[in-house]
Structures are given as structure tokens and as C-alpha cells.
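Each reported figure results from applying straightforward, stated rules to the coordinates on display, with no laboratory input. Since the structure is predicted, the reported quantities are computational estimates derived from the model, not experimental observations. Neighbour counts are summed over all protein chains in view; Cβ atoms, including those assigned to glycine, are modelled from backbone coordinates with ideal geometry.
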Amino acid sequence: MLINTVKAGRVSHAQLFLGQEGTHAFGLAVAYAQYIACKNRTETDACGKCPSCLKFNHLAHPDLHFFFPHLASDKNSSADFIRVFQKLANDTHCLFSEKQLVEALQLGNKEAIINMQDAELFLSKLSLKPYESDYKFVIMYLPEKMNNPTSNKILKTLEEPDGKTLIILVSENYDNILPTILSRTQLFKINKLPLAQFAEAISRLKGCSIEIGEDLAVLTDRNLQEAMAADNDMSKETLFEQAKTMMQSAYKLSHWRPHQLNFQEIADFIKTMANIGRESQKIFFRYVLSVVRKSVFLTFNANQLVHATAKEREWMNNFSPFINERNAFQIEKVINDAIIDISKNAEPNILFTDTILKLGKLIRVGDKR
Ligand SMILES: [Zn+2]
């Protein structure tokens, strides 16, 4: 669709790209601008080699301007943080989350916004003539982070920019954008990739098998950013072994079976999990959550609702008697809390130790023997 707008000479000057985190909406906005600026474009893509493309490849074209949320202050604008932004975008192939940006900018708990200085800079950039390209390009990441006065300041330019201009607002949250902005931009929705395409893209980009690509599609709910950040050997098979180790450790601890208890094994498990990185840890816990839910179905004999491999099914049949009406909700909560704590940068050794102890207690509560 975007390529066709270029071919037909009908590029709208103000567009709103709307896509959830992990859909690569920002990367698509850059690719679209690169395609328009390319001196030697093909039917399907920019050439990647012309002087314009070489600058776009590093996000350093003089006619390409970025705005994004940053530290809220009267004195600074996006331009003061552009090097950090470019590095993050380059390092991640434009596939980063708001959280990663906040971390890259080292904001901690401080609020990130697009401020009035940005609006002024926005107007001044668009009042200039382009240096090298026919177009001036402005890409704003998360326009929902503008406050009302800032939004109002750019309204007129959104409606009637000078000369050949392409403004792309890349949003993850339609509901938080002012209606006055919405009415002045053309909406372009970016959906999650279908499962097969997602798996193919991930296997190509990460160099993993299609099967692992499919597992990651399911486990991340087709979030490209999370799947790219996950460990390369993260497959359902690995996750299954890890989940089994965690649940068995929790069981043995709670039932105090000293002859079965292997502290070294538990310590090794915690050490391994602490080192796999936050995105992989989240994927792991989401997998555990899916195993717990399936076990609940098995407890209530709803076998037909459970999609699982033979190995998973065999193990869940042994495990499901311990997950029932006495503890299922609390177990879900413990795992969901772990996912939230990972997002808040919890210390992973403490988090995994704590989670295993909590699960152990709950498994004991569910033991009806
Ligand atoms: Zn090119």
C-alpha cells in the first residue's frame, strides 16, 4: 500500500502509523521515507546503496528529523538526545520499545514527554528547504506523549506544511492522541504479522529454525521486538525443561524431601535463568503460565482444550493433581507478579528464588493426598 502511494504520486503529507509495540511501525516509517528519498528505487524496495540510502541506513540523512519522548524540562528538546536515539534505533534495527528508549535515556522513573521546545524545533525544521532530498521527513515516535499546548502548536503545520514534506507520527496508543491531531492525519494501521510470516521473519533475522520462530510467535504473542530480544536457543523444548525443573524444585522444597532435594540443581537453575536476559525471562514465565492453565484444564478433565506435545502432556498429567481450586489463582498471580517485577528490573536471582519458594508453598496447599 505504501509503495503504491509513491508510484501513484499520492503521498499524504501527514500520516499516523498506528501499531502496537513489537509491530515494527517505527521501522516501517523509516523504510517508507527511505523509499521515497531513494535515487534508484525498485518495484519493491529502496536500493540500499545510493548516497541517500547509505545515510538512511544509519538514520543520519540531513533531511530526516526525529522527535521522541525525552526528559521533561524547559531547556531541552529531542535534538539534545538524538545520538542516544540514533544508536538505539541502529542497534535494534529500529525495533525497540518505549521502555528501551527510557532506559537508553537513563530516565529512571522520570516522565518522558515531547515538549514545547520540540514543537518549536519541528516548525523550524519544516520551514527550511530540504538539503539533498526532494522531501523533508519528520518522524515522531509516540505523538501521544505530546501535551495539549505542544500538539496545538504543530496543528497548522500538520494541515498545511510548506513544500514537499512527509510527517509520520508513529503511535502505539490511538486513544491518547488528541482528536485535532487525528483529524489532520491519514491513519495507516500496522497489524501484527500472520504467524507463518512472523516465524519466517524471525528465523531469517535470528538465524534460528522455523520451528523456534513459530514457538516465539506464540510465546511473545507475535511481538517482533520481544522475539528478537529472546535467546537464540529459546524453544518450547528448552522452556519445557526449564519449567519442569522449576516446578519440581518447588515441589521438592515444599514437601521437604531431603533425599530428593538437590540444592546444587536449584542453584544452577536460578543462575542459568538469572543470566538469560529480561525478555527471555518474561517469555519463560509466560510459558509457565500456559502450562499452569493447561494443567487446570486437565484437573477438570477438559482434555480436549489442551494443545500440548506428548512430553508436555505426560508431565502435566503428573503435575496437574497439584493445581486445583485451592491454589490455581494464586499460582497464576505469583507468575504474573514475576513478569511485572522483571519489567521493573527486579534482581533476577532474588526473583527466581522467591518465586520458587512461593510456588512450593502453593503446591503444598494443592496437595490433597
Ligand atoms: Zn537508494
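The table for this structure:
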read-out	value
Residue pairs, from the table K55/K75; K153/K189; K39/K99, whose Cα atoms sit over 32 Å apart	K39/K99
Candidates per chymotrypsin sites (Phe, Trp or Tyr not before Pro) in the stretch 171-265, loop by DSSP, up to 11 other Cβ within 10 Å	W256
Neighbour cut-off at most 14 other Cβ (10 Å), DSSP loop, chymotrypsin sites (Phe, Trp or Tyr not before Pro), the stretch 291-367	F300
In range of the label at N303: residues from the stretch 310-327 whose backbone nitrogen is under 20 Å from the point 7 Å along Cα→Cβ	310-324
Spatial separation of Cα centroids for the stretch 109-172 and the stretch 39-53, in angstrom	25
Test item: Cα-centred dipole of the stretch 2-191, Lys/Arg +1 and Asp/Glu -1 on Cβ, debye	480
Mean Kyte hydropathy of 0.5 or more with a Cα span along the axis of at least 15 Å, helices from DSSP in the chain	25-37, 328-343, 348-366
Contour minus Cα-Cα distance for V84 and I350 (0.36 nm per residue)	92.7 nm
Selected from L28, H255, V334, residue furthest toward positive end of dipole (the chain; charges at beta carbon)	H255
Student exercise, the stretch 113-223 dipole from Lys, Arg, Asp, Glu Cβ charges, in Debye to nearest 20	300
Chymotrypsin sites (Phe, Trp or Tyr not before Pro) within the stretch 56-148: DSSP coil, no more than 11 neighbouring Cβ in 10 Å	Y131
Equivalent ellipsoid dimensions for the chain as semi-axes, Å, which come from the Cα gyration tensor, largest first	47, 22, 18
